[in-house]
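*Asks:* Here it is, the structure in full.
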Amino acid sequence: MSLVIRNGTLIDESGERAADVRIADGRVVEVGADVAGDDGDDVIDATECVVSPGFVDLHTHLREPGREEAETIETGSRAAALGGFTAVVAMPNTDPTQDSVEVVEFVRRQGERARLCDVRPSGSITIGRSGEQLTPFAELADVGVTLFTDDGNGVQDPQLMRRALEYASGLDVTLAQHCEVEALTAGAVMHEGECCSHLGLPGWPALAEELMVHRDIELVRLTGAPVHLLHLSTARSVELVRAAKADGLAVTAEATPHHISLTDELLASYQALYKVNPPLRTMADVDAVRGGLADGTIDAIATDHAPHTPESKEQPLDAAPPGMVGLETALGVAIASLDMSLSEIVGAMSWRPARIARIDDEHGRPIAAGEPANLTVFDPGHRWEVVPAELASKSHNTPFVGVPLEGRVRSTILRGELVVNDGRALR
Ligand code: DOR
């Protein structure tokens, strides 16, 4: 039995065209006009819709093991599938940390059990993410870890980061940095600037990000090992990456949906829903990050999906944890916020992050006969608003309530199987 997708517009790295797609045994078997189907085939009518390679999220917090009250691998990967993602890189700030083969294998197995999207665990750069001792990169790479990060924190010690890059350069892996010089951000709850002075809240200066962006670019120049810069939020960070790329350095970067759409003024509500790390910045920063995505300086859109329980987010700003959920709204925010073609947006959500995560043998592939069938079908013109209670994520801390979104996922196909259809998860 096969699955046929009819009447859609296909977008992949080779361009855009109208064609039907037939899928069987986990692979695309035929692409063309009026593809014939058999009687028992499932058929998706993709009229007015885009059919693209499945999205790949470089930055998802799934919380399991350790904080299953906020999210589990099953609920998080269901949210991912509903957002059109066929693969997510699971961040390592779990409890215990993803710093050993045992924990990494546990996360992968839970993902396989849920069968909603491909869960690729990252490994932490340092044991317990404490910034002191490197994890066994080679051992973790042997069990399939391709991306290492201490996300939630940056590696503060430049000597340790240099050693990490030297170690990584002999392996087929990428180090990803959460850029924050912590000596400059102690106690901070929002962006340091005019708005924060008015509100009388402690500020997180743009410089705390930019110093580490600059340091890591120079470490790439020294070691030749690639660095991926996570959730860039400031105009100057974008400029630094642009210059590094012009110098031919192996630097890649991502931006989140919230940093291309929301500003620090939202903190005037004193609601912790808007507290995130790095913080929401000014409109000038938002414009610069959008510009970075549009000219390719920033390679990927990554969600930084960070579920937190209502109890934790209802605390005062200084006590509440930073973070926002984002998997189910990423596409809608991206299309509504960016002055980019659909093909460029899909590239920033699919084949470009697939390459950074080194999973482009299975994800972000061209839609052609013989390729793995990891696909997303979305309606780019669908306007909608998010209803927190309807999110599949176990936590509902979305900052996008009341924000008009554009573009919604209809179907997600993982290894040839429909896991989301008509906007509903089938598992
Ligand atoms: O806002 C954030 N939340 N930023 C991070 O770096 C970590 C994340 C989390 O784990 O909640």
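The values are calculated or read from the model by the stated rules, or taken from the named source; none is laboratory data. The shown structure was predicted, so the numbers you read here are calculated from the model rather than taken from an experiment. With ideal geometry, Cβ positions are generated from the backbone for all residues, glycine too; neighbour counts draw on all protein chains shown. We work out accessible area using only protein heavy atoms, side chains counted, and drop any ligands, DNA or RNA first. Shrake-Rupley method; radii C 1.70, N 1.55, O 1.52, S 1.80 Å.
*Asks:* Taking just the alpha carbons, could you work out the radius of gyration and Dmax for the range 1-124, both in angstroms?
*Replies:* Here Rg and the maximum Cα pair distance are 17.7, 52 Å.
*Asks:* Per the Kirkwood definition applied to all pairs of different Cα atoms, how many angstroms is the hydrodynamic radius of the range 311-375?
*Replies:* Averaging 1/r across every pair of different Cα atoms and inverting gives 14.6 Å.
*Asks:* In addition: Measuring from centroid to centroid over Cα atoms, what is the spacing of the range 191-213 and the range 360-407 in Å?
*Replies:* The two parts, judged by their Cα centres, are 32 Å apart.
*Asks:* What whole-number value in cubic angstrom gives the convex hull volume per residue for the C-alpha atoms of the range 49-122?
*Replies:* Spelled out: Cα convex hull of the range 49-122, divided by residues, is 76 Å³.
*Asks:* Amide H to amide H, which residues 5 or more places from Ala253 or on other chains are under 5 Å from it, using H placed in the peptide plane?
*Replies:* For Ala253, the qualifying residues are Leu229, Asp299, Ala300.
*Asks:* Here is a follow-up. Suppose we keep just the alpha-carbon trace of the range 1-60; what are its Rg and Dmax in angstrom?
*Replies:* Taking only Cα atoms of the range 1-60, I get Rg and Dmax of 12.4, 41 Å.
*Asks:* Further question: Suppose only helical runs count, i.e. DSSP H with n ≥ 4. What mean residue ellipticity at 222 nm does that imply for the chain under -39500 (n - 2.57) per run, divided by all residues and rounded to the nearest 500 deg cm²/dmol?
*Replies:* It comes out at -8000 deg cm²/dmol, rounded to the nearest 500.
*Asks:* To continue, here is another question. Quick check: pseudo-label points 7 Å beyond the Cα along Cα→Cβ at Leu222 and Ala368, how many nm apart are they?
*Replies:* Modelled inter-label distance: 4.2 nm.
*Asks:* Tell me, what is the percent relative contact order of the chain, built from C-alpha pairs under 8 Å that lie six or more residues apart?
*Replies:* 20 percent
*Asks:* Now a separate question. Can you give me the pair-distance distribution of the range 286-427, C-alpha pairs, 10 Å bins, whole percents?
*Replies:* Final binned percentages: 11, 34, 37, 16, 2, 0.
*Asks:* Would you list, by chain and number, the lysines whose Cα falls below 16 Å from the Cα of Lys313, excluding same-chain residues fewer than 8 positions away?
*Replies:* Reachable lysines: Lys275, Lys394.
*Asks:* Can you give me the distance in nm between label points at Val401 and Asp361, each placed 7 Å from the Cα along the Cα-to-Cβ direction?
*Replies:* 4.5 nm
*Asks:* Then there is this: Computed over the Cα atoms of the chain, what is the ratio Rg over Rh, Rh following Kirkwood?
*Replies:* The Rg/Rh ratio comes out at 0.96.
*Asks:* Based on a Kirkwood Rh over C-alpha pairs, give the Stokes-Einstein translational diffusion coefficient of the range 367-427 at 4 °C and viscosity 1.567 mPa s in µm²/s.
*Replies:* 98 µm²/s
*Asks:* A further question follows. Provide the packing ranking of 417-424, 341-348, 75-82, i.e. peptides ordered by the mean count of other C-beta atoms within 10 Å per residue, highest first.
*Replies:* For the peptides 417-424, 341-348, 75-82, the packing ranking is 75-82, 341-348, 417-424.
*Asks:* May I ask what percent, to the nearest 5, of DSSP beta bridges between residues of the chain are antiparallel? Could you put the intermediate results ahead of the total?
*Replies:* Values: 31 of 61 bridges.
Antiparallel bridges: around 50 percent, rounded to the nearest 5.
*Asks:* Expressed in whole Å with the largest first, what are the equivalent ellipsoid semi-axes of the range 239-283 derived from the C-alpha gyration tensor as the square root of 5 times each eigenvalue?
*Replies:* Largest first, the range 239-283 gives 29, 10, 7 Å.
*Asks:* Dividing the Cα convex hull volume of the range 88-148 by residue count, how many Å³ per residue is that?
*Replies:* 67 Å³
*Asks:* Placing +1 on the Cβ of each Lys and Arg and -1 on the Cβ of each Asp and Glu in the chain, which of Gly381, Gln177, Ala294 has its Cα farthest towards the positive end of the resulting dipole?
*Replies:* Towards the positive end, the residue furthest out is Gln177.
*Asks:* Please work out the Cα center distance from the range 116-147 to the range 308-357, rounded to the nearest Å.
*Replies:* Distance between centres, Cα-based: 23 Å.
*Asks:* Each label point is 7 Å from the Cα along the Cα-to-Cβ direction; what then is the distance between the points at Asp295 and Glu102, in nm?
*Replies:* Reported label-point gap for Asp295 and Glu102 is 5.0 nm.
*Asks:* Hey, can you find the accessible area per residue of the chain for me, probe 1.4 Å, expressed in square angstrom?
*Replies:* Here the residues of the chain average 37 Å² of exposed surface.
*Asks:* Separate question: Output the peptides 225-237, 162-174, 141-153 sorted from most to least packed, where packing is the average of other Cβ atoms within 10 Å over each peptide's residues.
*Replies:* Averaged packing, sorted descending, gives the order 225-237, 141-153, 162-174.
*Asks:* Where the accessible area of the chain is counted over protein heavy atoms with a 1.4 Å probe, how much of it, in %, is carbon and sulfur?
*Replies:* Carbon with sulfur: 48 percent of the solvent-accessible area.
*Asks:* Another one. What are the ³J(HN,Hα) couplings of the range 58-71, residue after residue, when phi is run through the Karplus curve with 6.51, -1.76, 1.60 and θ = phi - 60°? Round to Hz, x for glycine and proline.
*Replies:* Per residue, the Karplus-derived 3J(HN,Hα) values read 6, 8, 10, 9, 9, 6, 9, x, x, 10, 5, 6, 9, 6 Hz.
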